[in-house]
Amino acid sequence: MNFDRMRSLLLAKAIRGELVPQFAKEGAVDQIGAVPEQVPFAIPEKWKWVRLSDLVLKHLGGGTPSKLNASFWNGDIPWASVKDLKGTVLSTTQDSITEEGLNNSSSNLIPAGTVIVCTRMGLGKVAINTVPVAINQDLRALFLSEKIDKNYFLHFYSGMNIEGAGTTVKGIKLTELLNLPISLPPVEEQIRIVAKLEEAFAEIDRAEKAYEELQTLAGVLRGQILQEAIKGKLVPQRAEEGVVEQIGSALDEVPFTIPSSWKWQKVIEIAKVMGGKRVPAGAKLIEENTGYPYIRVSDMKNGGVDTSGLLYLTEDCREKIKRYTISCNDIYVTVAGTIGRVGIIPEELDGANLTENADKIVLNTDSVIRDWLLLVLSSKYCQTVFRERKTKVGQPKLAIKRIESIMIPVPPVEEQRLVVSKVEELMIQVDALLS
């Protein structure tokens, strides 16, 4: 669920006059200053479009005391920068300055209860401070007239898509900020809008918390289902399905107990692990569909492939690395940076080239089905093994030999199919909890 989207829709309705009814007894707003030449949307007849400059009695900027002078810092005056505006209330800051630092910089001490907006770095952030704070040069304090409720402005500003200029860091000039058009309802209606928004936001916050708790529970359930599955506790064993034949020598030590009809096999005894290939030096991936897709770790999501950002090889580049492909019958496992992400590719990407940051596991026996191996590799047991076996120095990596030596519990083939089917059924039920 997209709870931020819910909040955005509520804010959009609020600043358009669609959240609460208009009451005749509250009167109409008198036009303040000139009507802005361009307004973003239609508003109720009783409302007026005004410029922010017509609602600001005074505004103050800020600054940063010299970092080279230790006597300017770690004093009794909270000093706010963009990183301190983490919500709509500014009550604490990470840094503080001394009175000497305040007096020897362009910073200003802003009294409690003032609207503070970001004009650079965190464009669009806004808060009301509950304690006096000094501010830096990326913030501006706005002292508003009684024509606009502070909290209404806060919600209005949050609901607008404030666009700044700049190639590396987006910012808004003071003249542009003060020229911002504001949809202004009667003050009584502003207060009702704020109350309605805060009530609705509180409900959304509660729903979001409950959803997060449910997701955590769902994650635990999924993990438990996989663990029960790979230990032979999810479906009953049936004599008619036989006993798995031991491939290679029996293992002296095993990770956990499995049914007597099952066997432990190392990955190397049931499959071949092969690496992908980096794009040749000087070559670049392109967005145009050349028919030669190249699957990166960033494309590997949720046990499959996200094709929304898929990139492709040129024909020349493909010719140089054409042997490093992956089949829809294989399993991918990420082995560099992001470790242990596993999944399969869709049939339409069969034969796609594979990044060097992932390996493919190619089964070479009929005694193990692909989806059973994928299930085991997805389990907490194997994910823990992946983490334990990655390199600890530099960028985390997982060597092919370390994957080959992982021990896999193997039931009879028919039982593998039954367990996979049961897991899929249970996962659908878990997903239903979240919908």
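Brief remarks on what is shown
- Karplus 3J(HN,Hα) series, Hz, for segment 122-127 with 6.51 cos²θ - 1.76 cosθ + 1.60 (x for Gly, Pro): x, 3, x, 6, 8, 7
- From phi via Karplus (6.51, -1.76, 1.60), per-residue ³J(HN,Hα) for segment 396-403 in Hz, x at Gly/Pro: x, 9, 10, 6, 4, 4, 6, 6
- Taking a ≥ b ≥ c as the square roots of the eigenvalues of the alpha-carbon gyration tensor, segment 8-131 is classed prolate because a/c is 1.5 or more and a/b outweighs b/c.
- Tensor-based shape of segment 186-336 (alpha-carbon gyration tensor, a/c under 1.5 rounded, otherwise prolate or oblate): oblate
- Loop sites here are chymotrypsin sites (Phe, Trp or Tyr not before Pro) outside DSSP states H, G, I, E and B with no more than 14 other Cβ atoms within 10 Å. The longest part of the chain free of them is 42-255.
- Environment charge of T257, counting only residues whose C-beta is closer than 11 Å and scoring Lys/Arg +1, Asp/Glu -1: +2
- Angle between the chain longest axis and helix 3-15 axis [Cα atoms, degrees, rounded to 10]: 20
- Segment 138-232: C-alpha gyration tensor shape, a/c 1.5 cut-off, then a/b vs b/c: oblate
- Rounded to whole Hz, the Karplus (6.51, -1.76, 1.60) HN-Hα couplings of segment 205-210, x for glycine and proline: 4, 5, 5, 5, 4, 5
Values quoted throughout were computed directly from the atomic coordinates according to the rules given, and no laboratory measurement underlies them. None of the values given here were measured: they were computed from a predicted structure. Here the Cβ is made from the backbone with ideal geometry for all residues, glycine too, and neighbour counts use every protein chain on show.
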